[in-house]
1. If residue 96 satisfies every condition in (1) surrounded by 12 or more Cβ atoms within 10 Å (Cβ to Cβ); (2) closer than 29 Å to residue 46 by Cα; (3) of a type outside the set (S, T, N, Q) but one, which is the exception?
2. Please work out which residue is surrounded by the most Cβ atoms within 10 Å (Cβ to Cβ), limiting yourself to region 99-109 and to residues that are in contact with a Ser or Thr (Cβ under 9 Å, 6 or more places away or on another chain) and not polar (S, T, N, Q).
3. Taking residue 115, is it touching a Phe, Trp or Tyr at 6+ places or on another chain (Cβ under 6 Å) and either assigned to a loop (DSSP other than H, G, I, E, B) or surrounded by 16 or more Cβ atoms within 10 Å (Cβ to Cβ) (or both)?
4. Considering only residues that are of a type in the set (Gly, Ala, Ser), over 20 Å from residue 128 (Cα atoms) and not in a helix (DSSP H, G or I), which ones fall in region 25-54?
5. Among the residues of region 98-128, what is the count of those that are modelled with pLDDT of 90 or more, of a type in the set (A, V, I, L, M, F, W, C) and more than 14 Å from residue 85 (Cβ to Cβ)?
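The values are calculated or read from the model by the stated rules, or taken from the named source; none is laboratory data. None of these values were measured; they are calculated from a predicted model. Note: ideal-geometry Cβ built from the backbone for every residue, glycine included; neighbour counts use all protein chains shown.
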Amino acid sequence: MNDRARRYSKASHESPDESGRRNAAATSCWPLVYSSSSFDIFRNDQAVLRYRALSYKGTVPVEVISETFNDRKLRVSPGAEIVRVSENWSSGWRYRINQSGWRPVIQSSDMSISLPLVRSDVPTIVELKFKPSDWGGRVSTWAWITVMTVLVATTLARLGGRTTAGGWVTCFRKFNRHGFPTT
């Protein structure tokens, strides 16, 4: 067999897959959904849902109304008490329920996001919004203020050395209100 056609599974205990381009370990575990000459798509039935709502009866459906990187809007079925989002928790995430006030999300034990809800007999609209911390902006502002202070202090120190007695204050007093030197 041609070495180029030989493919290996990622599992170290398995023998080479002599069947061609398809990985034997993948086809034995996951159903094939789509196949083309350049790639295969398999379905992973064990994957965790991105949004999972839980009630005292078990799992309830969650409908995604809209979703972008930093904004999400979900419709949660009645009876839900908590929504788990399979995404890493960060302090910038906020959520609100049915247009109420924004509140921080809860960090789960596995570092995912948990959203406690108030149980309701009607569907609940949950909005998530991510706003990164402004730490970098604060640092750059303080850096800018520091640099400007040093520049102003350096300029004033240089002016103080060039003027006659009195330093920079005297230098500014020598000009009239229009900015022209007085005689």
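1. Failed condition: (2).
2. Step one: filter region 99-109 for residues in contact with a Ser or Thr (Cβ under 9 Å, 6 or more places away or on another chain), giving 104-108.
Checking the rest, the ones that are also not polar (S, T, N, Q) come to 104-106.
On the way: 104: 11, 105: 23, 106: 15.
Looking at the filtered set, the residue picked out is 105.
3. On the way: touching a Phe, Trp or Tyr at 6+ places or on another chain (Cβ under 6 Å): yes; either assigned to a loop (DSSP other than H, G, I, E, B) or surrounded by 16 or more Cβ atoms within 10 Å (Cβ to Cβ) (or both): yes.
It is true that residue 115 is touching a Phe, Trp or Tyr at 6+ places or on another chain (Cβ under 6 Å) and either assigned to a loop (DSSP other than H, G, I, E, B) or surrounded by 16 or more Cβ atoms within 10 Å (Cβ to Cβ) (or both).
4. The initial filter retains those residues of region 25-54 that are of a type in the set (Gly, Ala, Ser), namely 25-26, 28, 35-38, 47, 53.
From what is left, the residues that are over 20 Å from residue 128 (Cα atoms) are 25-26, 28, 35-38, 47.
Those that are of a type in the set (Gly, Ala, Ser), over 20 Å from residue 128 (Cα atoms) and not in a helix (DSSP H, G or I): 35, 36, 37, 38, 47.
5. 3
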